[in-house]
Every structure is written in C-alpha cells, then in structure tokens.
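What follows is a set of notes on a single structure, which appears directly below.
The values are calculated or read from the model by the stated rules, or taken from the named source; none is laboratory data. Every value quoted in this text rests on a predicted model; they were computed, and no experiment measured them. So basically every Cβ, Gly included, is an ideal-geometry build from the backbone, and we count neighbours across all protein chains shown.
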C-alpha cells in the first residue's frame, strides 16, 4: 500500500482504448519509479485493467526505487521488495547479455540494455540482482498518443565501443482487449551485440493469492520441470499449483519441451475464481522458459535470443490478449 500511495510522486502516463486502461512509469534517472539496474526502464506498467479485471499492479510489500528486486536474508527469499511491476523486461540475466562485462576490469564499464552504462566492481561474477553504479543512463525520449506510448533510449559507451538505439512501443489495439509490446534494437556501435531478452511479467490477476485457482498453459508437453518443493507440478501442457503459496514460499522451475518455432511462444494464465485470463504470444522462437512465483505474483518468463552486427537491427513483438475464461477465451 505504501508503494501505491507514493506513486503520484513519480512521472507516469496513462493510455486507454476503452477496453484496456494502463498507467505506465516513465524512465527518469533522478525521479523515476524504477531506477534499478536489472530491468529495462521503459514500458514498466504500474497498473493495467481490462473489462473489470486487474492484471498488473505492484506485487511487493516494501518499496525502494534503487533496490535489488528481491529481499534475501541469508540466501532465503523473505518477501518482495522492489520498485518494478509487470510487464518488466530484462536483457538477459548473465554476463552474455551485458555487453562488455566479460572484458571489463574492475572499475571499467559495461552496458545493460534499457538501463545504461554501468561500472564493474570487484566481484567474482556478474550478478543481475546487484545494484550497479550507473555511469550514464543515456538519452531517453517519450512520445505518446491516446492508446500508445513510445520509449526511445540512445546510448553510447566510448570506452567499450558498444552503442545502440532501443525503441519500445506499448500499444493498445483499437476495439480489442489487446496490448502489444513492439521492440526495435539497432546496433550503432562497433561491436556485435548478442544475448537474450525476456519479460518477467509479474502478473497479479485480481490480487488473488497464487495457488490452485491459477493455472498456466503452454502449447507443448512440459518437460524438465523440477520444483524444489511440492507447491506446484506439471500436468501435460499445464502448470498447476497444489497449495496456496505463503510467506517465504517460492515455486520456480525451468521448463523444456518447446521447439524452434514461434508457435510455441504461446502462454496462458487463468484464474478459476475470478474468470480472468491472459494469453501472451511472441513472434520469435523461444530460447528458454522459466517460471517464478511467490504468494503475490506468478511470472512465466519466455526468453528470445538476438545477435546484432554493427549497423543492423533486431525487431520482436509480444501480444497480450486479456479475456474472460469461458466467455471470450482465445
């Protein structure tokens, strides 16, 4: 609640098409609602509702715009602490997707796409959860219409030769309960940009506790599912929860079984109690799928790869279709 009450202190914008209404947090290095170094600063949705159902809102219990995005005590998850909400995207969670990190010496710089040029400290390995020093957050610009908003970040790191122009458009489709996230990443530097990107999603459908009322569907038979505790399980093409998650519970697993076609990038999340559902599709083949969920949010994470030579660009889109189960289910 404290996070919700303080939201007005940060720059935001609203878009609506009559069927979907969204409030977005705007990127700002000094006043932004999210100023961490893990997630892309653009397109972070503070609140989204469609046809009487809520799909995105803050899921955390503590708030800090500069904090790591989970609260760990002795390595154990102790409750959400964040300033990010879904859908939030991260350009990889390894040094492979942090251009320049591997070759940088401590004190040198590397790049986190959607965030900026970061300072490398003395550390044994890249830590996506760490709050790195931001040397340069680049030049951000925002354009907006009634039912769309476009974010552009231009960034150059002279020390490493990495540079890019990144554009994301959040668009609500006319006359439909749909939203698209349209991405373009152009390499304007002298070195290839390689890695992967995923959307953490952070669904908080109608603020229902994560448990047996939820299920997550895929278009393929699930393989390689290994939950560390008996909180959820794979059943054919679905993930089902076996109990309501409580304080400290984490249901997470890698998911395999997808092929090399974009047809497998098709994920549904439904709540049986409220009847709200969302279908997420992408136009690129999956390279990895992971599920992370706690008592306040469930997060199917779908990764896609990119390999962009200097002077070239990559494009990819995600589509969110919001529906009522049994009524207008896609």
Failed condition for residue 128, given (1) closer than 30 Å to residue 176 by Cα; (2) modelled with pLDDT under 95: (1)
Failed item in (1) surrounded by fewer than 19 Cβ atoms within 10 Å (Cβ to Cβ); (2) farther than 22 Å from residue 88 by Cβ; (3) modelled with pLDDT of 95 or more, with residue 187 passing the rest: (1)
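Per-residue answers, yes or no, for (1) closer than 30 Å to residue 246 by Cβ; (2) under 17 Å from the mean Cα position of the chain (by Cα); (3) in a loop (DSSP other than H, G, I, E, B):
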| site | (1), (2), (3) |
| --- | --- |
| 160 | no, no, yes |
| 167 | no, yes, no |
| 174 | no, no, yes |
| 184 | no, yes, no |
| 194 | no, no, no |
| 210 | yes, no, yes |
Residue match in the range 28-40 (condition: within 19 Å of residue 91 (Cβ to Cβ) and at pLDDT 95 or above): yes
Residue in the range 247-267 that is within 23 Å of residue 50 (Cβ to Cβ) and assigned to a strand (DSSP E or B) present: yes
Matching residues in the range 304-320 - criterion: being in a strand (DSSP E or B) and surrounded by fewer than 20 Cβ atoms within 10 Å (Cβ to Cβ): 305, 307, 308, 313, 314, 315, 316, 317, 319
Selected residue [within 15 Å of the chain's Cα centre (by Cα) and surrounded by fewer than 18 Cβ atoms within 10 Å (Cβ to Cβ)] from 288, 324: 288
Count of the range 213-222 residues which are assigned to a loop (DSSP other than H, G, I, E, B) and either surrounded by 16 or more Cβ atoms within 10 Å (Cβ to Cβ) or in contact with a strand residue (DSSP E or B) (Cβ under 7 Å, 6 or more places away or on another chain) (or both): 5
Selection count where residues are closer than 16 Å to residue 303 by Cβ and out of contact with any helix residue (DSSP H, G or I) (no Cβ under 9 Å at 6 or more places or on another chain), scope the range 235-262: 9
Lone qualifier among 197, 170, 210, 225 - being buried (at least 18 other Cβ atoms within 10 Å of the Cβ) and more than 30 Å from residue 136 (Cβ to Cβ): 210
Count of residues meeting criterion [surrounded by fewer than 19 Cβ atoms within 10 Å (Cβ to Cβ) and either touching a residue at least 24 places away in the same chain (Cβ under 8 Å) or under 20 Å from residue 194 (Cβ atoms) (or both)] in the range 155-166: 4
Strands (runs of 3 or more DSSP E) wholly inside the range 112-153 containing at least 1 residues that are over 19 Å from residue 43 (Cβ atoms) and touching a strand residue (DSSP E or B) at 6+ places or on another chain (Cβ under 7 Å): 116-119, 134-136
